[in-house]
1. Could you list all residues from the range 293-320 that are over 16 Å from Cys258 (Cβ atoms), within 16 Å of the ligand (Cβ to nearest atom) and touching a helix residue (DSSP H, G or I) at 6+ places or on another chain (Cβ under 6 Å)?
2. Give the range 197-211 a look and list any residue that's buried (at least 17 other Cβ atoms within 10 Å of the Cβ) and not hydroxyl-bearing (Ser, Thr, Tyr), or say none.
3. What are the pairs, 6+ residues apart or on separate chains, where a residue within the range 19-35 that is closer than 30 Å to Leu74 by Cα has its Cβ under 6 Å from a residue that is among the hydroxyl-bearing types (Ser, Thr, Tyr) and outside any loop (DSSP other than H, G, I, E, B)?
4. Taking the options Leu235, Leu223, Leu227, name whichever one is within 8 Å of the ligand (Cβ to nearest atom) and touching a strand residue (DSSP E or B) at 6+ places or on another chain (Cβ under 8 Å).
5. Within the range 158-187, how many residues are in a helix (DSSP H, G or I), within 16 Å of the ligand (Cβ to nearest atom) and buried (at least 23 other Cβ atoms within 10 Å of the Cβ)?
6. Testing Ala276 on (1) surrounded by fewer than 19 Cβ atoms within 10 Å (Cβ to Cβ); (2) among the aliphatic types (A, V, I, L, M); (3) under 23 Å from Ala72 (Cα atoms), one condition comes back false. Which one is that?
7. Looking at the range 245-263, I want the residues that are under 14 Å from Gly178 (Cα atoms) and have a partner that is more than 12 Å from the ligand (Cβ to nearest atom) and part of a helix (DSSP H, G or I) with Cβ atoms under 6 Å, at least 6 apart or on another chain. Which pairs are those?
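FYI, it's all coordinate maths here, none of it is from the lab. What you see is a predicted model; the values in this text were computed from it and never measured. Positions of Cβ are generated from backbone atoms using ideal geometry, with glycine treated the same way; all protein chains shown enter the neighbour counts.
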Amino acid sequence: MSIFEKIDFSDHESVHFIADRHSGLRAIIAIHSTALGPAAGGCRYWRYSSSDAALTDALRLSRGMSFKNALANLPVGGGKAVILQATDRGPAPDALAAFGRSVESLGGRYITAEDVGTRVADMKHIGQYTRFVSGLRSSEQVAGGDPSPRTALGVYLSMKEAWRFVAGTDALKGVRIGVQGCGGVGEALCRLLHTEGAVLFIADVSEARSRHVEKEFKATRVLPDALLTSDVDILAPCAMGGVLTPAVVAHLRARIVCGAANNQLATDAEGEALRARGIVYAPDYIVNAGGIISVTLEYFKSGSERDVRARIEEIPLTLRRILDLSEAEGCASNAVADRLARERIANAAPAAREFH
Ligand code: NAI
């Protein structure tokens, strides 16, 4: 199948396939839109079942970044990189170097950062080969560093807003919350929720990760397959995308879905299925924007940690607007969010395009 006919191709500006013979690097950089500024989005290191699956992921994730960045009011467009994992180890230094050189060759059209499978140390290494990288370091005066805690903060504040929407209060004490994935974001989210007195149910395919979070936050460990449909008030998918399949939606017991994972809906239709069941879906790319807010302010050296926090505190306001519109119009929340994002991108001032 040609890339242009792929269902997940949605007028991406360009897609770059990278093969480096020396390091064995295989990577894809998808630039969805630069209408609002350089395409920004993390670099995922993942073992895909095929290169086609990697391409699908890059296309979907980069489009999501365009929408996320637009509705977070950031001066960046949407892009994403995926590195195809070929061994059981983390990304090798020479592969990261080759990746960094590829990012540099795009001349600033794409800015990379951490995502699943890559860490601050990887970005620092990539940063030896390109200027177009963020998520490197932070200090009191300058925002930045590991985006995961900021992503978790945005999800947490959004969860409180969604709970206010359905229960009339934003207090999460005693509320039963299921968190799928106890990685960088999942663990930080559990910390915030535990501090507030929420009752936590957690799952991770890594037993070490789930045991650690179980102990740290007095959580109940659930088998990964069972967590999604367990008896909780709020479900927070914080592992991989595509988890809200028709079968899962049909058996969901939560009143709210609000988590960090990108592309949680298997297809857009599941958003409508959730609405039809009376389940509030907090669109993933709205609530998980905390990390990209942090790395963008770091990249442009345009803010302190306090500024990042202030921007993250705007996320629940955007979510509330979307949930109110969804209710008023009888339209799925993901469809409302997509529409608002498309409008912002379409209305981009021509000046925003002159970044390079
Ligand atoms: P991570 O790689 O640190 O953690 C993911 C965790 O999920 C790992 O512990 C992994 O073992 C677990 N996992 C994988 N498949 C699972 C399954 N089927 N059931 C249960 N656990 C499973 O990744 P991170 O950074 O915490 O990101 C989590 C999600 O949030 C990803 O989808 C990512 O794209 C998204 N996200 C992350 C941001 C960030 O700032 N790190 C920003 C925006 C979105």
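1. Ile293, Ser294, Leu297, Val308, Arg311
2. First, the residues of the range 197-211 that are buried (at least 17 other Cβ atoms within 10 Å of the Cβ): 198-204, 209-210.
Ala198, Val199, Leu200, Phe201, Ile202, Ala203, Asp204, Arg209 - these are the residues of the range 197-211 that are buried (at least 17 other Cβ atoms within 10 Å of the Cβ) and not hydroxyl-bearing (Ser, Thr, Tyr).
3. Cβ pairs passing all conditions: Ile29/Tyr110; Ala30/Ser62; Ile31/Ser14; Ile31/Tyr110; His32/Ser62; His32/Ser66; Ser33/Ser66.
4. Working: Leu235 fails: within 8 Å of the ligand (Cβ to nearest atom); Leu223 fails: within 8 Å of the ligand (Cβ to nearest atom).
Testing whether each residue is within 8 Å of the ligand (Cβ to nearest atom) and touching a strand residue (DSSP E or B) at 6+ places or on another chain (Cβ under 8 Å) leaves just Leu227.
5. Initially, the range 158-187 is screened for residues in a helix (DSSP H, G or I), giving 158-167, 184-187.
Filter again for within 16 Å of the ligand (Cβ to nearest atom), leaving 158-159, 184-187.
Filter once more, so that each one left must be buried (at least 23 other Cβ atoms within 10 Å of the Cβ): 158-159, 185-186.
So the count comes out to 4.
6. So the condition that Ala276 fails would be (3).
7. Sorted first by the residue in the range 245-263, then by its partner, the pairs are Arg255/Val166; Ile256/Ala162; Cys258/Ser158; Cys258/Met159; Cys258/Ala162.
Residues checked against (1) under 24 Å from Pro147 (Cβ atoms); (2) of a type in the set (Asp, Glu):
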{"position": "His22", "(1), (2)": "no, no"}
{"position": "Ile28", "(1), (2)": "yes, no"}
{"position": "Gly42", "(1), (2)": "yes, no"}
{"position": "Asp52", "(1), (2)": "no, yes"}
{"position": "Thr56", "(1), (2)": "yes, no"}
{"position": "Leu61", "(1), (2)": "yes, no"}
{"position": "Leu84", "(1), (2)": "yes, no"}
